[in-house]
Every structure is written in structure tokens, then in C-alpha cells.
Amino acid sequence: MLFEELARAAARERISLPGFGVFRPGSRKARYILNPQTKRRMRLPKAYGVKFHPAEELKAEAARAAKGAP
């Protein structure tokens with residue numbers, strides 16, 4: 001429930017959570033892909049969503065956790 005509300009808000013405006021990161025609206029250009037079953041080219045329309053950029057503190061904590069440090 002919290003994440004759904006956060007995603008709805010971030011789709012409209014930039015949301016910054018200090019020490020965690022920034023959620024912001026983003027989009028991907030329309031593009032062509034290859035259907036692996038039929039080998040036919042398909043067009044994907046422009047897509048909108050939420051992009052996340054982690055804060056430096058979160059990156060550092062994830063790196064420490066990956067190394068196994070407490």
C-alpha cells in the first residue's frame with residue numbers, strides 16, 4: 001500500500017528521501033523489438049514509469065552488506 005502510493009506520487013513529481021534516494025518520473029522512447037517466437041518485428045510504444053536513483057549512503061551500505069561486513 002505504501003509503495004503503491006509512493007509510485008503514484010512519484011509518477012507526477014520528484015520525491016527525495018534523504019539517505020535513501022530519489023524517485024522521479026521517467027519515460028522510455030518508442031522502439032522496435034524482435035518477437036522471439038515469431039521472429040517478427042514489433043513496435044513498443046513510448047512508456048512512462050518511475051525511476052529510482054539511490055543516495056550515496058544507500059550505495060555505501062549495500063556495498064558493505066555485499067562484502068559481508070556488519
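The values are calculated or read from the model by the stated rules, or taken from the named source; none is laboratory data. Keep in mind the model is a prediction, meaning the values are calculated, not measured. Please note: Cβ atoms are built from the backbone with ideal geometry, for glycine as well, and neighbour counts cover all protein chains shown. We work out accessible area using only protein heavy atoms, side chains counted, and drop any ligands, DNA or RNA first. Shrake-Rupley method; radii C 1.70, N 1.55, O 1.52, S 1.80 Å.
Entry comment: accessible area of the chain is 88 Å² per residue, from protein heavy atoms only and a probe of 1.4 Å.
Computed from Cα atoms, the angle from the helix 56-67 axis to the main principal axis of the chain rounds to 90 degrees.
Residues in region 24-41 carry Karplus couplings, in order, of 8, x, x, 8, 10, 5, 5, 8, 10, 10, 10, 6, x, 7, 9, 6, 9, 7 Hz; the curve used is 6.51 cos²θ - 1.76 cosθ + 1.60 with θ = phi - 60°, and Gly or Pro positions show x.
Label region 26-67 by shape, choosing from rounded, prolate and oblate, from the square roots a ≥ b ≥ c of the eigenvalues of the Cα gyration tensor; if a/c is under 1.5 it is rounded, and otherwise prolate applies when a/b is larger than b/c, oblate when it is not. Here region 26-67 falls in the oblate category.
Counting protein heavy atoms only, region 20-70 has 57 percent of its accessible area on carbon and sulfur, 1.4 angstrom probe.
In the set [x] 97; [y] 166; [z] 249, the label that goes with volume of the Cα convex hull per residue in Å³ computed for this structure is [y].
Can you give the longest stretch of the chain with no exposed loop site, where a site means trypsin sites (Lys or Arg not before Pro) in a DSSP loop (not H, G, I, E or B) with at most 13 other C-beta atoms within 10 Å? Intermediate results must be reported in sequence, preceding the final value.
Numbers: sites that count: 12, 14, 29, 39, 40, 46.
Here the longest run is 47-70.
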